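One structure is given here, and the rest of the page talks about it.
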Amino acid sequence: MSNFEKYKSQPVVVFGAGSIGERHIRNLWQLGFRNIVVFRQRNLPFRDIADAKVSVIRTWEEVDRIKPIAAIITSPTSFHTAQTIECIRRNIHVLVEKPLSHTTEDFEALKNTISTHSVFVYVGYMMRFHPWILKAKQIIQSKNTVI
């Protein structure tokens, strides 16, 4: 069993289930994850999670009970930083959708929390690996202004 395979049985919690949250749920399901839990405040019907079967929770106590290995934060932007910090404090790896926040107010607390825990925290941004973006990064890092 590969390292990746052993994590497929671990709970993954998706915060928010709008269109991006549902996309992550479908992707996780297609990758073979079968222990997907959705943290949401309202019990609205899902629009399109295909064949994915999920559980819904509403409290941090339930998060503590299921002990997820990872979280994907797709809730409204104003919740991103606080939810990320709460996940890190629980030693949950985090993928948080962009933008990380609508304010820089909690960045110091986020930075300090990350530095005291051994978890991965990643901001999802699909253009990060685009060849043009990588070339721009290379130029900036080399301080070369010629393209």
Scan of region 72-81 for residues that are closer than 23 Å to Leu44 by Cβ and in contact (Cβ under 8 Å) with a residue 24 or more places away in the chain, ordered by number | Ile72, Ile73, Thr74, Ser75, Pro76, Thr77, Ser78, Phe79
Assuming Ala70 fulfils every condition listed in (1) out of contact with any helix residue (DSSP H, G or I) (no Cβ under 9 Å at 6 or more places or on another chain); (2) at pLDDT 95 or above; (3) among the small types (Gly, Ala, Ser) apart from one, which condition is it?
-> (1)
Restricting region 1-34 to residues that are more than 19 Å from Glu86 (Cα to Cα), of a type in the set (A, V, I, L, M) and in contact with a strand residue (DSSP E or B) (Cβ under 8 Å, 6 or more places away or on another chain), which is surrounded by the fewest Cβ atoms within 10 Å (Cβ to Cβ)?
-> Ile20
For region 73-92, state whether one or more residues are small (Gly, Ala, Ser) and in contact with a strand residue (DSSP E or B) (Cβ under 8 Å, 6 or more places away or on another chain).
-> yes
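Return yes when Leu100 is in a loop (DSSP other than H, G, I, E, B), closer than 29 Å to Phe33 by Cα and within 11 Å of the chain's Cα centre (by Cα) and no when it is not. Show your work before the answer.
Values: in a loop (DSSP other than H, G, I, E, B): yes; closer than 29 Å to Phe33 by Cα: yes; within 11 Å of the chain's Cα centre (by Cα): yes.
Yes; evaluated as a whole, the condition is true for this residue.
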Tally the residues that are over 23 Å from Pro11 (Cα atoms), among the small types (Gly, Ala, Ser) and surrounded by 11 or more Cβ atoms within 10 Å (Cβ to Cβ), restricting the search to region 92-147.
-> 3
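Got a sec? Which of Arg42, Arg23 is assigned to a helix (DSSP H, G or I) and free of Cβ contacts under 8 Å to residues at least 40 places away in the same chain?
Details: Arg42 fails: assigned to a helix (DSSP H, G or I).
Only one candidate passes the filter, namely Arg23.
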For Asn112, are the conditions met, namely being free of Cβ contacts under 8 Å to residues at least 40 places away in the same chain and at positive phi?
-> no
Tabulated pairs, region 82-100, first at pLDDT 95 or above, second assigned to a loop (DSSP other than H, G, I, E, B) and among the aromatic types (Phe, Trp, Tyr), C-beta under 7 angstrom, 6+ apart or interchain = His93/Phe120
Val38 passes all but one of (1) touching a Ser or Thr at 6+ places or on another chain (Cβ under 8 Å); (2) more than 22 Å from Tyr122 (Cα to Cα); which number fails?
-> (2)
Selection within region 42-79 - surrounded by fewer than 17 Cβ atoms within 10 Å (Cβ to Cβ), polar (S, T, N, Q) and within 23 Å of Val121 (Cβ to Cβ) | Thr59, Thr77, Ser78
So Val37, is it assigned to a helix (DSSP H, G or I), surrounded by 15 or more Cβ atoms within 10 Å (Cβ to Cβ) and either among the hydrophobic types (A, V, I, L, M, F, W, C) or modelled with pLDDT of 95 or more (or both) = no
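The values are calculated or read from the model by the stated rules, or taken from the named source; none is laboratory data. It should be emphasised that the depicted structure is a prediction, and the values quoted were computed from it without experimental measurement. Counting neighbours? That spans all protein chains shown, and the Cβs are built from the backbone with ideal geometry, glycine included.
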